[in-house]
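The values are calculated or read from the model by the stated rules, or taken from the named source; none is laboratory data. Values in this document were obtained by computation on a predicted structure and should not be read as measured data. Here the Cβ positions follow ideal geometry from the backbone for every residue, glycine too, while neighbour counts run over all protein chains shown. Side chains included, ligands, DNA and RNA excluded: accessible areas come from the protein's heavy atoms. Shrake-Rupley method; radii C 1.70, N 1.55, O 1.52, S 1.80 Å.
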Amino acid sequence: MSYPLIAEKDGIKMKPEIMKPENLYHCLFQNKVMLVYKDHNEVLSCYEIEDEEIVSRVRESKSHNIDKILEEYIQEKNLKK
């Protein structure tokens, strides 16, 4: 099965028909992390993250586990407060 988000030079191709509900999908596009979430009602929610630190972490990640990357980032920021 292919991944449901593909970043191309002109934009992002989405394949919602292969997305599992309640999963967060991501890709890198124009120095942003693009997030897409599909709920149980088949509604897609899309977000973009421009924070350079998060974009860098996603770009360098070997696991590509966006949930883990975001959780670690939030924990680190909360500890610094």
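Which one of ILE66, ILE49, ILE74, ILE12 is modelled with pLDDT under 95 and touching a strand residue (DSSP E or B) at 6+ places or on another chain (Cβ under 6 Å)? I'd like the intermediate steps shown before the answer.
On the way: ILE49 fails: modelled with pLDDT under 95; ILE74 fails: touching a strand residue (DSSP E or B) at 6+ places or on another chain (Cβ under 6 Å); ILE12 fails: modelled with pLDDT under 95.
Only one candidate passes the filter, namely ILE66.
Could you count how many residues in the stretch 55-67 are surrounded by 10 or more Cβ atoms within 10 Å (Cβ to Cβ) and among the small types (Gly, Ala, Ser)?
Taking the stretch 55-67 and keeping what is surrounded by 10 or more Cβ atoms within 10 Å (Cβ to Cβ), we get 55-59, 61, 64-67.
From the residues that got through so far, the ones that are among the small types (Gly, Ala, Ser) too are 56, 61.
Of the residues in the stretch 55-67, 2 are surrounded by 10 or more Cβ atoms within 10 Å (Cβ to Cβ) and among the small types (Gly, Ala, Ser).
Which one of GLU52, GLU76 is open to solvent by 80 Å² or more (accessible area, probe 1.4 Å) and either under 12 Å from the mean Cα position of the chain (by Cα) or among the acidic types (Asp, Glu) (or both)?
Working: GLU76 fails: open to solvent by 80 Å² or more (accessible area, probe 1.4 Å).
Just one listed residue meets the conditions, GLU52.
Looking at the stretch 1-42 only, could you name the residues that are open to solvent by 70 Å² or more (accessible area, probe 1.4 Å), over 13 Å from ILE66 (Cβ atoms) and touching a Phe, Trp or Tyr at 6+ places or on another chain (Cβ under 9 Å)?
Residues of the stretch 1-42 open to solvent by 70 Å² or more (accessible area, probe 1.4 Å): 1, 3, 8-10, 13-14, 17, 20, 22, 30-31, 40-42.
From what is left, the residues that are over 13 Å from ILE66 (Cβ atoms) are 1, 8-10, 13-14, 17, 20, 22, 30-31, 40-42.
Scanning the stretch 1-42 gives GLU8, MET14, GLU22.
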